[in-house]
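Visitor: I have a structure I would like to understand better, so I am pasting it below and will then ask my questions one at a time.
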Amino acid sequence: MKKKLKIGVISCSIMAQVHMQAVMDNPNTELAMLCDLNETLLHEAADKFGVEKTAVDYRDVLNDPEIDAVIIVTPDQTHKEITLAALAAKKHVLCEKPMALKLDECSEMIAAAKAAETKMMVGQICRYTPGFVEAKKLIDRGEIGELFFVETEYAHDYSKIDLPWRLDPLRHGFLGGGCHAVDLARWIAGDPTEVFAYANHKMLPNYPTDDCTIAIMKFPNNVIGKVFVSTGCKRNYTMRSVFYGTKGTIITDNTSNHMTVFKDGVGNGETLFADLPQSHAIPIEYLVTVNNHNAAGELDEFVDCIVNDKPIHTTAIEGAKTVKASLAAVESSKTGMPVKIEYDF
C-alpha cells in the first residue's frame, strides 16, 4: 500500500480549513498536524478534523520528522520566513498567495526553492477555478481566435472583515487580493510588459492604502488588458473576467455556474440561425462547477507533483512574476507614470 503524505497546515483560519478539507478528501494525503497562535481556534479545528498533533509554533511542525509537506496559510507578511524555514527543513511547501509583499523577499524564496530538494508551489487558486480552467482550454484551442483584449477584476468588500494584518501599508489591496486577477491575466495572456494605473481611496478610510485601482497592461503579441481591483465596493464578491478574441468572446467568473461564449459561427462558417447575419455573435452557455477556492484541485496537483516527481506549474518564479506585475501597478498609480516590467528573477 502506498504511503500517504503527511501534511501539516500552518494556520487554522477559514481559508486554512478549506485546505484542511482538501487534505482530508485526497486519498494520498493525511492531515497530520495543525498549527496556530490562537489556541482556541487551533483546538476547535483539531476537534473538527480529528487531528491529534497540534502546535502554536510553526517550528514544531517543521521539526516533526513525520511531516512530509506543509501548507502555509498565515498572514502574507510571514510567508517568506516560514517558507524559507520549511524548505531548509526539507518539507514540500504549498504557500498561499501572494508569496510575499516585497520583491527582495520573492528573490530569497526563489533561491531557496531552487536549492531545495523538495517542491514549492505558490497557491494561485484562479488557475484551478473551473470557469477559468475551461476558458483557458477554449482559448488555447483557438475557439475564439487570437486574443486582443483581456479584462479581469477582483471585486470584494473588506469593510466587514476583521483581519488586522490586512491594515499593513505594505499589503496594498492590488497586491494582497488583486494578485488573483493579475495572475489570471498572466496565465491567459502572458507576462505583462508595461502597466499604467489610476487609483483612489474612498471606501475604506481606516485602510492605509488605496482601495480602488484600475491598471491598463500591455501583454505579449500586442494584447492589451485591464485589471480592476476594489476592496471596498458594495456588491457581491466576484472575479468576473472577459476574454476577447478575433473570432469570439468569453465571459466567465468564479461564482457562477456557467460561462458565456460568443462566436461568429459554428462548424464551417455557418451560423446557428439562417436569418442572422454572419457578423452576429451567437451566445452559447457552458455549465461549469462553482468552486471559487478550489483548494482540492490545487492540492491534487501539488500531491501529484510530489508523488510522481513532476514539475510544479505555479512555481516560486511564477508567484514572483505576479507580485512584480502587481507592485508595478501600485507604483504607477502613485507616480502617474507608466512602468515597464522586467522579470529578472
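The values are calculated or read from the model by the stated rules, or taken from the named source; none is laboratory data. The shown structure was predicted, so the numbers you read here are calculated from the model rather than taken from an experiment. Cβ: placed from backbone, ideal geometry, glycine included. Neighbour counts: every protein chain shown. Quick note on the areas: whole protein, heavy atoms, side chains included, nothing else; ligands and nucleic acids left out. Shrake-Rupley method; radii C 1.70, N 1.55, O 1.52, S 1.80 Å.
Visitor: Within the set of pairs 6+ apart or on separate chains, which have a first residue in region 172-187 that is farther than 15 Å from Tyr158 by Cα, a second that is open to solvent by 10 Å² or more (accessible area, probe 1.4 Å) and assigned to a helix (DSSP H, G or I), and C-beta atoms under 7 Å apart?
Guide: Taking only residues 6 or more apart or on different chains, the pairs are Arg186/Lys321; Trp187/Arg127; Trp187/Lys136.
Visitor: Residues in region 141-196 that are assigned to a strand (DSSP E or B), farther than 20 Å from Thr255 by Cα and open to solvent by less than 30 Å² (accessible area, probe 1.4 Å): how many?
Guide: Residues meeting the conditions: 2.
Visitor: Can you tell which of Ala185, Ala197 is within 13 Å of the chain's Cα centre (by Cα) and farther than 30 Å from Gly8 by Cα?
Guide: Values: Ala197 fails: within 13 Å of the chain's Cα centre (by Cα).
The unique qualifying residue is Ala185.
Visitor: Can you list the strands (runs of 3 or more DSSP E) found entirely within region 206-248 that contain at least 3 residues being in contact with a Gly (Cβ under 9 Å, 6 or more places away or on another chain)?
Guide: The strands (runs of 3 or more DSSP E) meeting that bar are 212-219, 223-230.
Visitor: Now for a separate question. In a loop (DSSP other than H, G, I, E, B), modelled with pLDDT of 95 or more and touching a strand residue (DSSP E or B) at 6+ places or on another chain (Cβ under 7 Å): does that describe Glu66?
Guide: yes
Visitor: Also, I was wondering about something else. Which numbered condition in (1) open to solvent by 40 Å² or more (accessible area, probe 1.4 Å); (2) of a type in the set (D, E, K, R); (3) under 15 Å from the mean Cα position of the chain (by Cα) is the only one that Arg127 fails?
Guide: (1)
Per-residue answers, yes or no, for (1) over 18 Å from Ala155 (Cβ atoms); (2) open to solvent by 70 Å² or more (accessible area, probe 1.4 Å); (3) without any contact (Cβ under 8 Å) to a residue 12 or more places away in the chain; (4) not β-branched (Val, Ile, Thr):
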{"residue": "Thr209", "(1), (2), (3), (4)": "no, no, no, no"}
{"residue": "Lys218", "(1), (2), (3), (4)": "yes, yes, no, yes"}
{"residue": "Gly225", "(1), (2), (3), (4)": "no, no, no, yes"}
{"residue": "Tyr237", "(1), (2), (3), (4)": "no, no, no, yes"}
{"residue": "Asp253", "(1), (2), (3), (4)": "no, no, no, yes"}
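Visitor: Suppose we filter Thr78, Thr54 for residues that are assigned to a strand (DSSP E or B), out of contact with any Lys or Arg (no Cβ under 9 Å at 6 or more places or on another chain), open to solvent by 20 Å² or more (accessible area, probe 1.4 Å) and among the hydroxyl-bearing types (Ser, Thr, Tyr); which single one remains?
Guide: Testing whether each residue is assigned to a strand (DSSP E or B), out of contact with any Lys or Arg (no Cβ under 9 Å at 6 or more places or on another chain), open to solvent by 20 Å² or more (accessible area, probe 1.4 Å) and among the hydroxyl-bearing types (Ser, Thr, Tyr) leaves just Thr54.
Visitor: Continuing with the same structure: Among the residues of region 33-51, which ones are small (Gly, Ala, Ser) and surrounded by 13 or more Cβ atoms within 10 Å (Cβ to Cβ)?
Guide: Of everything in region 33-51, those that are small (Gly, Ala, Ser) and surrounded by 13 or more Cβ atoms within 10 Å (Cβ to Cβ) turn out to be Ala45, Ala46.
Visitor: Here is a follow-up. Could you check region 81-109 and list, in sequence order, the residues that are charged (D, E, K, R) and either assigned to a loop (DSSP other than H, G, I, E, B) or open to solvent by less than 10 Å² (accessible area, probe 1.4 Å) (or both)? Let's see the steps before the verdict.
Guide: First pass over region 81-109, keeping only residues charged (D, E, K, R): 81, 90-91, 96-97, 102, 104-105, 108.
The answer is Lys90, Lys91, Lys97, Lys102.
Visitor: Which condition number in (1) of a type in the set (A, V, I, L, M); (2) at pLDDT 95 or above; (3) under 19 Å from the mean Cα position of the chain (by Cα) is the one that Leu147 fails?
Guide: (3)
Visitor: Looking only at region 131-140, count every residue that is surrounded by 20 or more Cβ atoms within 10 Å (Cβ to Cβ) and under 16 Å from Asn254 (Cβ atoms) and tell me the total.
Guide: Total satisfying the criteria: 3.
Visitor: Just to be sure before I move on: is Thr260 surrounded by fewer than 15 Cβ atoms within 10 Å (Cβ to Cβ) and in a strand (DSSP E or B) in the structure I sent?
Guide: The answer is yes for Thr260.
Visitor: Just checking, does region 333-342 include any residue being open to solvent by 50 Å² or more (accessible area, probe 1.4 Å) and modelled with pLDDT under 95? Spell out how you get there, then give the answer.
Guide: Our first condition is that a residue be open to solvent by 50 Å² or more (accessible area, probe 1.4 Å); within region 333-342, this holds for 334-335, 337-338, 340, 342.
Add one more test, that the residue is modelled with pLDDT under 95, and what stays is none.
Checking region 333-342: not a single residue is open to solvent by 50 Å² or more (accessible area, probe 1.4 Å) and modelled with pLDDT under 95.
Visitor: Can you go through Ile306, Ile312 and tell me which one is in contact with a Lys or Arg (Cβ under 7 Å, 6 or more places away or on another chain), buried (at least 16 other Cβ atoms within 10 Å of the Cβ) and farther than 16 Å from Trp187 by Cβ?
Guide: Ile306
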